[in-house]
Amino acid sequence: MGGGGREHAIVRALGRSPGAPELLCAPGNPGIAQDARVLDITVSDLEGLVHAARQRRVDLVVVGPEGPLVGGLVDRLKREGIPAFGPTAAAARLEGSKAFAKEVMAAAGVPTGAFSVVRTVEEGLAAIDGRYPAVLKFDGLAAGKGVVLPADEAEARAALEAFLVERRHGPGDVVVEEFLEGEELSLLALCDGERAYPLAPAQDYKRIFDGDRGPNTGGMGSYSPVPAPGAQDPAALAALVHQPVLDELARRGTPFHGVLYAGLMLTADGPKVIEYNARFGDPETQAVLPRLQGDLAQLLLAATRPGGLAEQPPLAFSEDWAVTLVLAGAGYPERSAAGDVITIGELPGGVEVTHAGTARDVDGNLVTAGGRVLNVTALGPTATAARDAAYAAADLITFEGRQLRSDIALRAVE
């Protein structure tokens, strides 16, 4: 369930499963409609989703976005006896509350930056204590727009007022964090309530412009694998940052099933956790899943059972590199474009286009319908080959106001 690029990538990967499962997606998008039967049910209609799963006697529900997880969709499905890949509402608080995540990290002994939770603008400025750049995080879901990195007091005050006075994302506190420096890394792990099994590492690009400039976005591109020092042993990283959290949540009686996403900073003092997400990352999923070898449907179903992944073959990934580019609409991230006609040329083999924010107009034309519009993923034997293929394919896609970073995976090539 879901309707973005991440969900399209999941649908594609499930479609490659040997059992050729019948795929349904709610609400989907025009691209997903080519790979699955779409259902006209929004991700916020939890009762409608449960009803559809029950009525169609589905064998597995895979939850894409974070909102329904925090809202308790998995809990509802479990009460109906329907297997669901994703954490319960109690375990999904790792993403739903930044303060809760920090508290769990502290209890589990996971390395992370120093932090404090504030409730007023003045408390926030006092917690920063003149140390800039700072990190401010809204303690709740904010559709990828709840993190600000102020460079000075004026920016910090404006952000704190937006969070705490204007309540731009609703009621909630703010977490003030230590600013960490180093190489960023995304490491996702499949979890069966007992053990964490890491996927291939990926690197994400959050800023809208080349050179990591401009405001944060939901992600402008990614690549996998990652050649950065410290990223070569995913199992060791998972033992450091995933497994202790799983153990702590199990101790509290809220075992974590699903994907645990760890956003890491590889600092001079070792890896430290920036954030946890309780679902597949976007756009990292678009770069990681095409490299996964094996039966994704069976893996996700096994993860719904306590200890179920221990019965599956070890996770394996191809030697190929994957580079994913995000094509964003005009004005993103401040606003989302809508209604601009998209033209896609004849794409070469080995390139996968996933739809993130698209729709059909009254004439049947494919048009923009979101901030991030399309994802282009290319595989290749080297970082250079994958990157060149991705950009060559992106050049065949046009729409008004298209935004595209030109430096995705350039660090890997260099």
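The values are calculated or read from the model by the stated rules, or taken from the named source; none is laboratory data. Bear in mind that the values here come from a model prediction, so they are computed numbers and not experimental data. Neighbour counts run over all protein chains shown; Cβ positions are idealised from the backbone, glycine included.
Values computed for the structure shown
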| read-out | value |
| --- | --- |
| Criterion violated by R131 - all others in (1) on the phi < 0 side of the Ramachandran plot; (2) in contact with a Gly (Cβ under 8 Å, 6 or more places away or on another chain) satisfied | (2) |
| All positions within region 68-83 that are within 22 Å of the chain's Cα centre (by Cα) and β-branched (V, I, T) | V70, V74 |
| Unmet criterion (only one of (1) more than 21 Å from the chain's Cα centre (by Cα); (2) within 29 Å of E352 (Cα to Cα)) for V63 | (1) |
| Test result for V118, modelled with pLDDT of 95 or more and either among the small types (G, A, S) or under 18 Å from the mean Cα position of the chain (by Cα) (or both) | no |
| In region 108-131, the residues that are surrounded by 14 or more Cβ atoms within 10 Å (Cβ to Cβ), assigned to a loop (DSSP other than H, G, I, E, B) and touching a Pro at 6+ places or on another chain (Cβ under 8 Å) | V110, P111 |
| Entirely in region 1-92, the helices (runs of 4 or more DSSP H) that have 1 or more residues that are in contact with a Ser or Thr (Cβ under 9 Å, 6 or more places away or on another chain), at pLDDT 95 or above and of a type in the set (D, E) | 5-15, 73-79 |
| Region 347-383: number of residues that are at pLDDT 95 or above, surrounded by fewer than 15 Cβ atoms within 10 Å (Cβ to Cβ) and not in a strand (DSSP E or B) | 7 |
| Residue list for region 155-170, filter: over 18 Å from G96 (Cβ atoms) and small (G, A, S) | A156, A158, A159, A162 |
| Qualifying residue in region 269-284 (condition: outside the structural domain of T382 (by TED's automatic domain parsing), among the aliphatic types (A, V, I, L, M) and farther than 30 Å from V373 by Cα) | no |
| Residue that is nearest to A114 (Cα to Cα), among those in region 165-186 that are part of a loop (DSSP other than H, G, I, E, B) and touching a residue at least 40 places away in the same chain (Cβ under 8 Å) | E178 |
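Let's see how each residue does on (1) without any contact (Cβ under 8 Å) to a residue 40 or more places away in the chain; (2) more than 21 Å from the chain's Cα centre (by Cα); (3) more than 22 Å from G281 (Cβ to Cβ):
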| residue | (1), (2), (3) |
| --- | --- |
| L300 | no, no, no |
| P306 | no, yes, yes |
| P313 | yes, yes, yes |
| L325 | no, no, no |
| G331 | no, yes, yes |
| A338 | yes, yes, yes |
| T354 | no, no, no |
| D361 | yes, yes, yes |
| G371 | no, no, no |
